[in-house]
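The values are calculated or read from the model by the stated rules, or taken from the named source; none is laboratory data. This structure is a prediction, so every number in the text was calculated from the model and none was measured. Here the Cβ positions follow ideal geometry from the backbone for every residue, glycine too, while neighbour counts run over all protein chains shown.
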Amino acid sequence: MAIDTQTEEFLAHVQAGGLVETGDWMPDEYRKRVTKFVEMHANSELMGVLPERDWILRAPTLQRKLALTAKIQDEVGHAQLLYRVVEDLGKPRDACLDDLIAGKSKFHNVFHYPTKTWGDVGVIAWLVDAAAIISQKALLKCSYAPYARIMRKICWEESFHILHGRDVILTLVTGTDGQRELVQEALDRWWEPLMMFHGNPIPAEDDPMVHWRIKSQANEEARQQFLEGYVPQVWELGLTLPDPNLRRGEDGVWEYTEPDWERLMAVVSGNGPASQERLAFRRLSRTEVDWVSRTVLAAAA
Amino acid sequence: MTTRVYEVFRRERAGAAMQHAGSIAAPDPRFAEIYAREQYGRRGESEALWLVPREAVQEIDEFVDEFDLKYRRVDGYSLKERLKEARELAGASLREAPGGGDRP
């Protein structure tokens with residue numbers, strides 16, 4: 001099918017660095033892709049608080065409990081902001097939440113895993129958030145301007161989270177042998193999901209998200225940036241990573257054992273170790289708080 | 001669902017202009033205030049917020065310069081050529097009457 005002139009002009013506009021606002025005309029494919037992408041981001045923020053929520057009551061000190069609660073509030077706030085962007089693209093928030101609990105839409109792979117110890121909470125806040133901020137910084141250049149603007153606020157808040165994570169990790173590695181062991185075990189558990197985080201190494205020129213300039217960074221480029229920035233930080237603490245092939249090549253490119261991309265697909269399709277438990281919790285909270293939204297809306301009407 | 005969309009504007013610090021920050025959806029103005037405070041003010045990042053119901057915003061997004069009114073813009077003035085000419089003229093008169101006035 002021939003692409004019509006309007007679509008061609010739109011494509012040329014975004015590829016040349018042009019921006020798109022909510023009310024502007026956009027091809028259906030572009031609208032669908034941006035909607036799906038931002039919706040998945042919103043879902044991930046909302047589902048991403050569940051592994052941390054498990055630790056509010058078990059946080060080791062009052063200060064950690066408060067910091068963790070604040071981080072969770074930030075992330076739920078990000079979900080709210082992102083669902084607003086999705087709503088303006090035409091999909092109501094209720095429909096997003098319904099699709100999420102029905103398993104019709106996805107959320108990020110790292111939120112399909114359990115948090116076994118406080119060490120996991122530290123590794124998530126430090127390295128999962130570090131991996132996320134690499135993708136998010138690249139999204140500041142997204143052609144869909146309302147998303148890029150919201151991303152500025154999100155990145156600003158995420159920078160606190162990484163510091164909180166590093167602080168937790170540094171406290172543990174300078175503590176007892178047992179505390180240090182918690183971090184090492186958590187790293188061993190989280191390395192595979194972290195290596196999957198930025199997705200399969202699809203070349204930028206084959207990635208439709210790059211084509212429409214929704215994303216501006218190839219998956220592998222993001223992963224390399226993550227490895228370059230964070231593997232040395234892990235190693236300098238005397239910690240190890242569970243990949244014997246992990247090393248920095250002479251050309252500065254990191255080598256690693258290729259993750260099992262089919263497994264990634266299975267995880268994000270709801271077959272991760274904690275996927276169903278998390279969705280069940282979200283379903284429960286949606287039905288349990290339904291009376292609150294009904295009451296509020298009735299009172300406000 | 002009877003929520004309404006409010007556009008949120010924030011002033012980052014005293015003296016700064018109000019800038020569009022984003023939008024929120026709320027069932028009434030009281031909830032709009034609570035959501036706006038939480039989203040855009042809880043870390044002290046704003047010193048004032050404006051909430052405007054989206055339908056109250058009157059947007060103008062087309063600006064046609066039909067008569068190409070360049071004289072109202074800085075790019076409507078090209079002084080280079082004439083300045084050069086003026087300097088040359090001044091130079092010529094200087095040669096004719098050197099040392100005049102208190103020129104450096």
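Quick notes
- For segment A:73-85, the condition holds for at least one residue, the condition being that it is of a type in the set (Gly, Ala, Ser) and either under 18 Å from the mean Cα position of the chain (by Cα) or closer than 26 Å to A:ASP188 by Cβ (or both).
- If you go through segment A:212-233 and keep only what is free of Cβ contacts under 8 Å to residues at least 60 places away in the same chain and outside any loop (DSSP other than H, G, I, E, B), you end up with A:ASN219, A:GLU220, A:GLU221, A:ARG223, A:GLN224, A:LEU227, A:GLU228, A:VAL231, A:PRO232, A:GLN233.
- Subset of segment A:46-71 [within 13 Å of chain B (Cβ to nearest Cβ) and either more than 14 Å from A:VAL168 (Cβ to Cβ) or surrounded by fewer than 20 Cβ atoms within 10 Å (Cβ to Cβ) (or both)]: A:THR69, A:ALA70
- In segment B:18-36, of all residues being under 18 Å from A:ILE154 (Cβ atoms) and assigned to a helix (DSSP H, G or I), the one that is nearest to the other protein chains (Cβ to nearest Cβ) corresponds to B:TYR35.
- Boolean, A:ARG278 is within 19 Å of the chain's Cα centre (by Cα), touching a residue at least 40 places away in the same chain (Cβ under 8 Å) and crowded, with 18+ Cβ neighbours inside 10 Å: yes
- Screening the candidates A:GLN73, A:GLN63, A:GLN80, A:GLN6 for the property of being free of Cβ contacts under 8 Å to residues at least 40 places away in the same chain and touching a strand residue (DSSP E or B) at 6+ places or on another chain (Cβ under 9 Å) yields one hit, A:GLN80.
- Residues being within 23 Å of the chain's Cα centre (by Cα) and modelled with pLDDT under 95 - total across segment A:13-47: 0
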